[in-house]
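Nothing in this text is a laboratory measurement; each read-out follows from the coordinates by a stated rule. If you're wondering where the values come from, they're calculated on a predicted model, not measured in any experiment. Cβ sites come from the backbone with ideal geometry, for glycine too, and all protein chains shown count toward neighbours.
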Amino acid sequence: MILVFCMTSIFLVNDPRPRVSRFGCVFGLISEPFWFYTCAYHHQWGLFAAAFIYTISWGRGFYNQWIRRST
C-alpha cells in the first residue's frame, strides 16, 4: 500500500494540471497510516518521526488545495 499510495501521490503532485495535482496530497495522506504502522512494527523510530513531518506536510497541502479559500 505504501508503494501504491506514495508513488501515486508523487506522480499527481508533479502533474502540470492544478485540478489533477491537488489530489497528490490526498493520496499522500492516505499513505501515512501505512508508514506509521510499518515503522512501529519494525521499531524504526527515526522514520516514525519523519512520518510525522510528512503527515504535517501533506496536511498543509490538503489545507491549501482543498480547504483554504482562494483570494
**Asked** Computed FRET efficiency, Cβ-Cβ of H43 and L3, R0 22 Å: what is it to the nearest 0.05?
**Response** 0.55
**Item:** Average Cα contact separation per residue, the chain, under 8 Å, 6 or more apart, as relative contact order %
**Value:** 29
